[in-house]
Structures are given as C-alpha cells and as structure tokens.
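Heads up, the thing below is written out as structure tokens.
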Amino acid sequence: MSALRHLKSGTAIILLLSMLLLSACSSGAAVSAAETPEPQAVEPKGKVYYTYFDTVSYVYDYAGDSAERFDERSAEVSLLLKEYHQLFDIYHEYADVVNLCTLNKAAGGEALQVDRRLVDFLLYAREMYALTEGEMNVMLGSVLRLWHECREAAETDPASASIPTEEALRAAYAHTGIELLEIDEAECTVRITDPEASIDVGALGKGYATERAAELLESEGAVGYVLNIGGNIRCIGDRPDGSGWVTAIRSPERSADDFACRLRLRDTACVTSGVYERYFTVAGQRYHHIIDKDTLYPAAYYVSLTIVTRDSGLADALSTALFCLPWEESAALAESLEGVEVLWIFPDGEQRSTSGFAALVEEAEA
Ligand code: ADP
Ligand code: MG
C-alpha cells in the first residue's frame, strides 16, 4: 500500500522531469524564438523500470547509439540496479544474498560475510556520516522505523493516525551510534553490535547506486546518457550538440506545472529532497520523511533542497544532511565543498543558493 502510494507520488515528479528532459531535446533545448534553431538532434531512446528501490527508474540515450547497443547498455544498468536493490533492501531477503535485511536481523550476533559492494557502500556511508557531522546517518534505522510504522498505519487508517512518542524516539535514538556498525574491510564482514540497532539507507542508497550505474556507462565510453533513478538525475557527459539537458525544480506546495527554476545540466548529478515527497498527516499537521537527529522529528528548516554535484551518491547524502541543518550551518557546509551547488527553498517561499548556482539556472524565455 505505502509502496504503491510512494511510487505514485514519486512518479508524478519523475515523469515530469523526464518529460522535460525529452522535450528539451526535441524542442532544440529550449532555445528562445529569436535564436537560430539548432539542427534537429537525434531522437532520444528511453527505458523505464518499476522494480528498483520502490520507485521509478529511467535510462535515456541522447547520443544516437544503435538500438542493439542501447538495449545492451540499459540491460547492464538494469542488472546493476537490481543487484544494488537486493543488497540494500531492508524489508526482504533474496536467495544467496546477504543483504541489509539479513544484517539487521543478525544485529547483536555474529559478523556476516557480505558482498564486497556492500562493504564499499557502508564505508562510503560512514564517510558521508563524517562529512555531514552525523546529519546523514545510516544507523538511524531504529528511529526511522518508528516514523515508518506511523506513516504506514496512517495510510491504512488516516482517522487514527498518530506520531511516535518523544519517549519512544529518545529510547530508539540510544541505538543509532555509527560505531555500532563494525566493518572488517579485509575479511569483507559486517556486524551490527547492538541488537536494537538497524541500518536504513533511504537517504543514500539510490544516489549511490545511480553513481555506480553512471560509472559503468562511463567505463564503456558512453556519453549523452541520462539516468533518473527515483529523482536522482545523473547526466553522463553532454548531449552531442553540446547543449546539455534542461530540468525543472518543482515549486513546493504549488501545482506540478509551476517550477521554482529550470536548470541546465551536463556531466553532473542533481537531486531534490522535499517535504512533499513522502509524508502523512496527523491533526492537520504534516509529517514528512527526513528526520533531524537533534529533534528526532521531521526537519523544519526548508520545504525543498536541491543539490547539483558530479557524484550522485554525494548529492543524495547532502540532500538529506543539508536539509537537517539550520541555514548558517547548511550554507557553510555547502560552501566548504568543492563543486557542490545548492538551492534551498524556505517555508515562506524564499529561495537562497550557493554562489555558483546561478550559472546553472536557465533564464525563463521572454
Ligand atoms: P528520497 O525519499 O527522495 O530518497 P532523501 O534522500 O532525503 O529522500 O531520503 C529520505 C529517506 O532517508 C527517508 O525515507 C529515511 O529512510 C531516510 N532518512 C531520513 N532522515 C535521515 C537522516 N537524518 N539520516 C539518514 N537517513 C535518513
Ligand atoms: Mg538523500
């Protein structure tokens, strides 16, 4: 039920983004009427997958690869996403796969031998914890589970919706230390040392997998591809005519065809975290899905936050972490990072951005 709802709400945004990516291409990349139209670009090819990460994934080729080559490349991406989806799943186990669900079940017990890719991912998650000073913490599972359960219950029976008690949240928070995750890189084993602790990679998994897919395509020399994995957009190189891809950042709380701004992207990742993505309502108050470790309640500083940076994993980690920091700290962290551009949208509609963000913004046509 909730998976379906998420899929639906996610789809609206993602389809819109995809539509824009496509229309940007077919309309000659949004050139204004006064400019000489570009030569017609090749028709883009696209594939869509519904089975990974509880969301919708797209692979596009704007480079004019042959149908066979595109089929081959999209099949490789699909297989990679499937494998990461299985490794990162916290709700289901799969034959012959030790995944996060298995690790969570084994919490407090023995170390388990895992796929090297899971070790690499968890090491990266730890790095992101350090970079964000704990704002993005994959060990927040015990706290996130309480919110998740309330959201599920609210979807089933909205009339009796409730939120977790402060007491329950505080008790769960006692089991979220990053040191509870033990990784033996040499042995390729992982152990969660506290039986009450658990991993949740909702903030990082999709972006990380998107980056691995981009890496795979890049290693084969692909350019002119775009991945959109549940809103984690990753542009591989540029379009053959050098005009990049135009995408729109949704204006929170407004209609889906009203945009905060449009961005022109090349060879980079772009991801938006918003309060409108996944939430439930109790007594008229909305509770969204990004949890501030300091309050253990949904972060209240912004309604939407967009990251543009080359690495999609970093973009995903930051989209959650910067959301949980008050303006000065959020801005200071963003500006301290090379090649990271950010757009913050505040609850009153005010927009602020990093110094390099304006260069990405596509001016509205006259
Ligand atoms: P999206 O749903 O678009 O992927 P995010 O990247 O912001 O949005 O990730 C939100 C998800 O991350 C939540 O559903 C939850 O599973 C997890 N999460 C929420 N808050 C945190 C946090 N502070 N640290 C780590 N994970 C979080
Ligand atoms: Mg994120």
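General observations
- The set of residues in segment 73-115 that are among the small types (Gly, Ala, Ser) and either assigned to a loop (DSSP other than H, G, I, E, B) or modelled with pLDDT under 95 (or both) comprises Ala95, Ala106, Ala107, Gly108, Gly109, Ala111.
- Each residue in segment 176-223 was checked for being under 18 Å from Leu112 (Cα atoms), polar (S, T, N, Q) and away from ligand 1 (no atom under 14 Å from the Cβ), and 2 of them qualify.
- Among strands (runs of 3 or more DSSP E) entirely within segment 129-240, having at least 2 residues that are more than 22 Å from Thr272 (Cβ to Cβ) and over 24 Å from the mean Cα position of the chain (by Cα) singles out 181-184, 189-192.
- For segment 63-104, the set of residues classified as in contact (Cβ under 8 Å) with a residue 40 or more places away in the chain, over 20 Å from Asp200 (Cβ atoms) and within 20 Å of the chain's Cα centre (by Cα) consists of Val77, Leu80, listed by residue number.
- Counted residues, segment 338-365 - those being under 19 Å from the mean Cα position of the chain (by Cα) and either more than 19 Å from Gly207 (Cβ to Cβ) or away from ligand 2 (no atom under 14 Å from the Cβ) (or both): 5
- Residue satisfying all of: in segment 332-353; away from ligand 1 (no atom under 16 Å from the Cβ) and under 19 Å from Met128 (Cβ atoms); surrounded by the most Cβ atoms within 10 Å (Cβ to Cβ) among these: Glu341
- Pair list, Cβ under 7 Å, 6 or more apart: segment 201-219 residue within 14 Å of Thr268 (Cα to Cα), other residue part of a helix (DSSP H, G or I) and of a type in the set (Asp, Glu): Gly207/Asp316; Tyr208/Asp316
- Selection within segment 188-226 - of a type in the set (Phe, Trp, Tyr) and more than 16 Å from ligand 2 (Cβ to nearest atom): Tyr225
- For segment 284-301, the criterion of being away from ligand 1 (no atom under 15 Å from the Cβ) and at pLDDT below 95 is satisfied by at least one residue.
- Of all residues in segment 280-299, those satisfying the criterion of being within 16 Å of ligand 2 (Cβ to nearest atom) and buried (at least 17 other Cβ atoms within 10 Å of the Cβ) are His288, His289, Ile290, Ile291, Lys293, Pro298, Ala299.
The values are calculated or read from the model by the stated rules, or taken from the named source; none is laboratory data. Remember, predicted model here, so these are calculated numbers, not experimental data. Heads up, the Cβs are rebuilt from the backbone with ideal geometry, glycines too, and the neighbour counts pull from every protein chain shown.
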